[in-house]
1. Would you calculate the separation in nanometres between label points at A189 and L107, each defined as 7 Å from the Cα along the Cα-to-beta-carbon direction?
2. Looking only at the chain, where both bridge partners belong to it, what percent of the DSSP beta bridges are antiparallel (to the nearest 5)?
3. What is the dipole size for region 52-151, taken about its Cα centre, with +1 at each Lys and Arg Cβ and -1 at each Asp and Glu Cβ, in debye to the nearest 20?
4. Quick one: work out the % antiparallel among DSSP beta bridges in region 31-182, nearest 5.
5. Where in region 77-101 is the amide nitrogen less than 13 Å from a point lying 7 Å along the Cα-to-Cβ axis of S160?
6. Of the options W119, T40, H136, report the single residue whose Cα projects farthest towards the positive end of the charge dipole of the chain (beta-carbon charges: Lys, Arg +1; Asp, Glu -1).
7. Determine, for each peptide in 27-36, 221-230, the mean count of other beta carbons within 10 angstrom over its residues, then list the peptides with the highest first.
8. So for the pair A4, E37, with labels modelled 7 Å out along Cα→Cβ, what separation do we get in nm?
Amino acid sequence: MKHAVKEVLGRTLFASRLDGVLLRNAAVIVAFHRVQETATPGDGLTVSVRMFERHCEFLRRHFRVVPLPAIVQKLERGQPLNRELAITFDDGYRDNFENAAPVLEKLSLPATFFIVSRWMGTDVVPVWDRERKARHPWMTWDQVRALHSKGFDIGAHTRSHVDLGRISGLRAQREVAGARLELERQIGAPIELFAYPYGGAHHITDANRELVEAAGFRCCCSSVGGTVATGTSPFHLPRIPISLWHRSPHQFGFEVALGRSRLTA
Ligand SMILES: [Zn+2]
């Protein structure tokens, strides 16, 4: 469907409060990667600062934006969800600290940052950036600590962004439990939230999901899209990636309301 059509339908849906019906007994978790001055066409992981701010204002207007642990706690207690929305970021790009955090602070919005523990403060270039001949710096540990001390939540995203659908046993355990230990050592606080790399349904095995639980995490987030229904296991939390593909917040709203989303890596 054309972007413009989706935008009009998105506006209509939200304006008519139909969204209240569609999102009854549900919550939404969105996932961002990079927030930069400008987003290059074709770069599905970056949104511009201006568009990020528009998304945030839209989310604040139409949802109850809460910290991710608030949604996890409701699910743990068997309580009904009611239009909560949590904002998350994957990987630990430096622009999260430099560009996204100031917007979130300005709008008083909570967020969770999922960090690849062995990449912070290094010049590692992941394969998806290498393919685009792009290089985006990681946060320093001081910046991760600063986010935490501002009240944002820090979560784990494995040590080195492995595909948990393809590794097993001790190697997987080191990536999952090891990331928690490394983050706790750096942050000096318990790390209880986990999002698995790549985020597709086939990017984690049942055995590795059990490792996440055994390592002491309280949740496991994917990026498969869709809303979180009341009664969902915290270890099967879907997230909706927001990217350049969403040309306006209302288009995103339309896709949420219809339970759709575009999957990104
Ligand atoms: Zn990732």
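1. Result for the modelled spin labels: 2.2 nm.
2. Around 10 percent of the beta bridges assigned by DSSP in the chain are antiparallel ones.
3. Magnitude of the dipole: close to 260 debye.
4. 5 percent
5. No residues fall inside that zone.
6. After comparing all options, I get T40.
7. Descending mean neighbour count gives 27-36, 221-230.
8. It is 3.1 nm.
The numbers here are math on the coordinates, done by the rules we state, and not lab data. Remember, it's a predicted structure, so these values are computed and weren't measured experimentally. So basically every Cβ, Gly included, is an ideal-geometry build from the backbone, and we count neighbours across all protein chains shown.
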